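In what follows, a single structure is set out as structure tokens and then discussed.
The values are calculated or read from the model by the stated rules, or taken from the named source; none is laboratory data. Values in this document were obtained by computation on a predicted structure and should not be read as measured data. Neighbour counts run over all protein chains shown; Cβ positions are idealised from the backbone, glycine included. For accessibility, only protein heavy atoms count, side chains too; no ligands or nucleic acids. Shrake-Rupley method; radii C 1.70, N 1.55, O 1.52, S 1.80 Å.
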Amino acid sequence: MDPSELDALKSGQMSSDTQDKQQANAQTQRNEEERQTLLAQILEPDARERLGRIALVKGELARGVEDMLIRMARMNQIRKKVTEDELKDMLEDISTKNRQETKIIVSRKEFDDSDDDEEYDF
């Protein structure tokens with residue numbers, strides 16, 4: 001093969017790879033915009049603000065709550081906008097389910113200290 005043909009093949013492959021990446025990024029962006037629009041319809045502004053603050057600290061938790069809210073909305077389980085207090089209740093329920101009970105066991109080694117057994121005569 002000619003070097004010019006190799007260059008043409010490489011540039012063709014690169015452009016198709018670049019196009020695929022651009023299409024994937026555009027699809028991801030559209031999905032995220034749709035998600036944010038749906039959350040705006042589901043949540044009151046105070047609840048959205050709280051969820052945004054939670055996302056800064058615990059992104060996975062916020063994403064899970066968002067997924068749960070979207071799922072509930074699509075199944076028509078949410079009849080009105082979710083308030084901040086309702087969101088707090090949901091978060092509390094989730095945290096109690098995920099909370100692991102911490103149990104600390106202190107085991108002390110016993111030493112056979114012969115000094116303690118002796119009686120001192122003064």
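A probe of 1.4 angstrom, applied to the heavy atoms of all protein chains, finds residue 106 with accessible area near 100 square angstrom. Take the Cα of residue 94, go 7 Å toward its beta carbon, and the backbone nitrogen atoms of the range 38-72 under 11 Å from that spot belong to 51-52, 54-55, 58-70.
A Förster radius of 41 Å combined with the Cβ-Cβ distance from residue 29 to residue 101 puts the calculated FRET efficiency at roughly 0.45.
Would you give the gap between the C-alpha center of the range 22-38 and the C-alpha center of the range 62-113, rounded to a whole Å? The range 22-38 and the range 62-113 have Cα centres spaced 28 Å from each other.
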